[in-house]
Amino acid sequence: MTAHAEKTLLPAGLEDALPPRAELEATVIERLIASFGKHGYRRVKPPLIEFEESLLSGPGRTLAEQTFRLMDPQSHRMLGVRPDITVQIARIASSRLRSEPRPLRLSYAGQVLRVRGGQLRPERQFAQAGFELIGATGVTADAEVLVVAAEALAGVAVEHLSVDITMPMLVPQLCRDLGLPQDVNATVRTALDRKDAGALVTLGEGHRRLFQGLLAAAGPADEALATLRRLALPVGARPMVEELAALLAAVRQALPDLVLTVDPGESRGFEYHTGVSFTVFARGVRGELGRGGRYELESGESATGFTVYLDSLMRAVTPPPSAPRLFLPFGTSAAEARRWRQEGWQTVAALQSSPDAAAEARRLGCTHIVSLGKAQALA
Amino acid sequence: MDRQQTIVFAVPKGRILGQALPLLAAAGIVPEAAFGDEDARQLRFSTNVHGLDLVRVRSFDVVTFVAFGAADLGIAGSDDLLEFESPEVYAPLDLGIGRCRLVVAEPAAMLSEDDPAHWSHIRVATKYPELTRRYFAARGVHAECIKLNGALELAPSLGLCRRIVDLVETGATLKANGLVEVETIAEVSSRLVVNRAALKTRPDEIGRWIKRFAEVVGRGSA
């Protein structure tokens, strides 16, 4: 008995998803993809495993230490199991679909595998669903991605959605403009990522005021924008602020009720991004549901994308009441059974006769039973 | 649904609590009477502020509660923040309480013949294995850590290991046990900490509390 139970142990971060969770996750993915599709994003399906060198190039390089590797017995080359699908979409867009008209709209969903689970995401295998807008630049493209993402999430019953917009290029630009040395640069970025105003005291008066101003600007979008505009930013950084203003205006117009926050100083986790980025949260749900933003393909093309993590998303989705299941007593004809299913029932057929059909139906978790040609609710 | 409305504020038991309570009071947070009762079994307390509850947990656990979003706000030592290193925790404000230093110490007798520059592998007793490992790894030294939860000063004299990494306020305990500081790893103080998702999804409410504490701290140091 124990020996058998031990064999059911799974490695850390891996699990068997059971009903109804597995069903709900599949439904949610389908609805997300359908929602992306309604905005013109067409689905692609890259493989689970590919050559390490293509998987870990370009935007993929930040995920190198999260990638499971194995040797391909056939080609004797190193393979990687995808830790993220975005990289694969970038590869497809700049290779096989390079002559497709731009902007190119692609969507995807699938499982990814990571070497280590995080604190908030102990899962090492989880599903990702997302879409990429490739070959379009500017605020209209960023706004489209943000709006499509928010609509898709609202469409799978996520409540109290909140989108945080970050500008990962702003702080590096400021450090360049101000001519800050490398080590100061690192201190500033860590301090801003942790919102640790105390760590900024080592800076000179002027710089300190600027970066503390950035910290103070984090918050509800409109106030953040006003604070940013008041800051004495160097000339190089000003266009970024105006770009942000245009993006906020565009998103507001499409989704007036969406909660928007801005965090101009944060850049953690957006290392490969080259423009405005965003993270989606839901109130009361730990961790982020998904993230997106602008980045550059290896070909030099610009792209904006969004990806949602199904493990976090499932914590935010309100599960629908479970579907009614109809018990078909032994001897129900195939034609009648088909009729019930066509009416929309999930049917559970008895495989042998039993003295008490209702008890048998209950034992199998059915909510209804066919009796005298009618579907009757079981007490 | 309750968790979506109420803000949960985690405060540390023990040493820091006495210094934290006046700050909370100055920010306008007064817990219910049972909070002051050390023997009470209750762990969660309401306050005079509607929709704000206090939980009293061990100081190290404050960071864990806040990292997982079980608490939205908290008061945590920068030592615990460094040990835990969670991207989900923001530390926007130095509260200026619970000041001490995190140091490497060893027996006074050893110091004369020991040159830290020669170290390649050391064994250390500490409450902070992660932070200690990282600190020494950055200098090219492999630190093998023995996790202890208290009475670290005993470790060298009883032969558990020769060095310790521990918090020092005045240095009296070290001295009494024949230990001397070799180097300081970090200056420590308590921070106001905030859960990342909480700050993003409730920017107004959480932002207001950060501002209020900043005013209180600003007044204190002025």
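Just so you know, all these numbers are worked out from the coordinates, no wet-lab data involved. The structure displayed is predicted, hence computed values, not measured ones. Cβ coordinates were reconstructed from backbone atoms using ideal geometry, including for glycine residues, and neighbour counts include every protein chain displayed.
Measure out, as a whole number of angstrom, how far apart the alpha-carbon centroids of region A:311-329 and region B:82-158 sit.
Rounded to whole Å, the Cα centres lie 50 Å apart.
What order do you get for A:18-31, A:254-267 when each peptide is scored by the mean count of other beta carbon atoms within 10 Å, highest first?
Packing order, densest peptide first, comes out as A:254-267, A:18-31.
Output wanted: per-residue J couplings in Hz (rounded whole) for region A:178-184, from phi through Karplus 6.51 cos²θ - 1.76 cosθ + 1.60, θ = phi - 60°, x for Gly and Pro.
8, x, 6, x, 3, 6, 5
On average, how much area does the Cα convex hull of region B:100-188 cover when viewed from any direction, in nm²?
5.2
Please give, to one decimal in nm, the separation of the simple spin-label points placed at B:Glu183 and A:Arg77, each 7 Å out from Cα toward the Cβ.
It is 4.5 nm.
What is the sum of charges, Lys and Arg at +1 and Asp and Glu at -1, for the other residues whose Cβ falls under 11 Å from the Cβ of A:Ser107?
Every neighbour counted, the sum reads +4.
Assuming 0.36 nm per residue, please report the length gained on full extension of the stretch A:His39 to A:Arg338 beyond their Cα-Cα distance.
Roughly 104.1 nm would be gained on extension.
Suppose we keep just the DSSP beta bridges with both residues in the protein assembly as shown; what percent of those would be antiparallel, to 5?
That works out to approximately 70 percent antiparallel.
If you place +1 on the Cβ of every Lys and Arg, -1 on the Cβ of every Asp and Glu, and leave all else neutral, what size is the dipole of chain A about its Cα centre, to the nearest 20 Debye?
Computed about the Cα centre, the dipole is about 540 debye.
Measure nothing but the geometry: give the 0 to 90° angle between the long axis through the Cα atoms of B:203-221 and the longest principal axis through the Cα atoms of chain B, rounded to 10°.
60
In Å³ and rounded to a whole number, note down the convex hull volume per residue for the Cα atoms of region A:169-266.
86
If the reach is capped at under 23 angstrom between alpha carbons, list the lysines near B:Lys127, excluding any in the same chain fewer than eight residues apart.
B:Lys13, B:Lys147, B:Lys175
Tell me, what are the semi-axes, in whole angstrom and largest first, of the equivalent ellipsoid of region A:93-206 as set by the roots of 5 times the Cα gyration tensor eigenvalues?
Working from the Cα gyration tensor, I get semi-axes of 34, 22, 17 Å.
Using the Karplus equation 6.51 cos²θ - 1.76 cosθ + 1.60 (θ = phi - 60°), what ³J(HN,Hα) coupling, rounded to whole Hz, does each residue of region B:25-34 give in order, writing x for Gly and Pro?
Karplus values, whole Hz, x for Gly and Pro: 4, 5, 7, x, 10, 10, x, 4, 4, 4.
Mind ordering B:196-202, A:68-74 by average Cβ neighbours within 10 Å, highest first?
Top to bottom by mean Cβ count within 10 Å: B:196-202, A:68-74.
Treating only the Cα positions of region B:4-69 as identical point scatterers, give the base-10 log of I(q)/I(0) from the Debye formula at each q in 0.19, 0.22 Å⁻¹.
-0.73, -1.00
Looking only at region A:156-296, where both bridge partners belong to it, what percent of the DSSP beta bridges are antiparallel (to the nearest 5)?
Once the DSSP bridges in region A:156-296 are tallied, antiparallel ones form about 70 percent.
Determine the principal axes of the Cα atoms in region A:1-89, then give the extent along each, sorted from largest to smallest and rounded to whole angstroms.
Sorted largest first, the three principal extents are 51, 40, 25 Å.
Show me the ranking of peptides B:73-83, A:104-114 by mean Cβ neighbours inside 10 Å, starting with the highest. Walk me through the numbers on the way to the answer.
Numbers: B:73-83: 24.5, A:104-114: 20.8.
Listed from highest to lowest mean packing, they are B:73-83, A:104-114.
Within a 10 angstrom radius of each residue's Cβ in A:257-263, how many Cβ atoms of other chains show up on average? Whole number is fine.
3
Based on the alpha-carbon gyration tensor of region A:338-379, what equivalent-ellipsoid semi-axes (square roots of 5 times the eigenvalues) come out, in whole Å, largest first?
Details: eigenvalues 57, 26, 20 Å².
After diagonalising the Cα gyration tensor, the semi-axes are 17, 11, 10 Å.
Using only the Cα atoms of region A:235-350, build the gyration tensor, take square roots of its eigenvalues as a ≥ b ≥ c, and label the shape rounded, prolate or oblate: rounded if a/c is under 1.5, else prolate if a/b is larger than b/c, else oblate.
prolate
How big, on average over all directions, is the shadow cast by the Cα convex hull of chain B, in nm²? Mind dumping the intermediate values first?
Details: hull surface 55.8 nm².
Answer in nm², one decimal: 14.0.
Residue separation times 0.36 nm, minus the C-alpha to C-alpha distance between A:Gln346 and A:Asn185: what's the value? List each step's numbers first, then the result.
Numbers: separation 161, 0.36 × 161 = 57.96 nm, distance 6.05 nm.
The A:Gln346-A:Asn185 span can extend by a further 51.9 nm.
Using the Karplus curve 6.51 cos²θ - 1.76 cosθ + 1.60 with θ = phi - 60°, work out ³J(HN,Hα) for each residue of region B:43-53 in order, rounded to whole Hz, and write x for Gly and Pro.
10, 10, 10, 7, 10, 5, 8, 5, x, 10, 10
Give me the mean projected area, in nm² to one decimal, of the convex hull enclosing the Cα positions of chain A. Don't jump to the answer; show the numbers that get you there.
Numbers: hull surface 107.2 nm².
The orientation-averaged projected area of the Cα hull of chain A comes to 26.8 nm².
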